[in-house]
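In what follows, a structure is listed as structure tokens, so that the remarks can point back to it.
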Amino acid sequence: MDAILGSLTETELALVREADPDRLTTLDEDALIELHTRVRKARNKQVKNYRRRAATRIEESGGRGKAYARNARRRAKAEVFEELLSAVSTRLATVAHESAETLRAERLAEPVRPPVPPPPVKKLKPQQHDRRPKTPDRSKRHASTRASGARRQARRDNR
């Protein structure tokens, strides 16, 4: 692994140093999330480079088995970042679980407030279907219409 670390670029090596187990214990949850994102992107980049190079070397070498040995350095770099991602993910899971437990304990320690009673319900007037003003003339026409309808129904019933 030390040989592979010697072949990493300066930015890749800085990322490896940031993911050191001693340093991970000092980071809070937000910093761990940010580091996790950066390590995952670096891992994806290395895996992508490994696969692309392996695909181009198949034709050169004459087969996948022969191309496998020639691509060992890129494969090893991808494995380094895979292990880093595993370490950061494990630490992030631990910190997130501790944070959730702390929040749960705080929530349970809060005093229970009694429920707020619902506001009083206003009593509504019965719905008024006809909003036209009630005048004597109007009530007379209404009564006349109802009476003529009753007379018409009586004539039908007598048939």
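The values are calculated or read from the model by the stated rules, or taken from the named source; none is laboratory data. Computed from a prediction, not measured in an experiment: that's the story for all the values here. Backbone-built Cβ (ideal geometry, glycine too); neighbour counts: all protein chains shown.
Worth a mention:
- Test: residue in segment 59-70 that is touching a Pro at 6+ places or on another chain (Cβ under 9 Å) and either in contact (Cβ under 8 Å) with a residue 40 or more places away in the chain or in a helix (DSSP H, G or I) (or both): no
- Looking only at segment 15-31, and only at residues there that are in a helix (DSSP H, G or I) and surrounded by 11 or more Cβ atoms within 10 Å (Cβ to Cβ), the one that is nearest to the chain's Cα centre (by Cα): Glu29
- Among the candidates Pro133, Pro111, Pro120, residue that is within 30 Å of Glu29 (Cα to Cα), without any contact (Cβ under 8 Å) to a residue 24 or more places away in the chain and loosely packed, with under 10 Cβ neighbours inside 10 Å: Pro111
- Every test in (1) under 32 Å from the mean Cα position of the chain (by Cα); (2) free of Cβ contacts under 8 Å to residues at least 40 places away in the same chain; (3) surrounded by 10 or more Cβ atoms within 10 Å (Cβ to Cβ) is passed by Lys140 save one, and that test is (1).
- Test for Ala154: is it assigned to a helix (DSSP H, G or I) and at pLDDT 90 or above: yes
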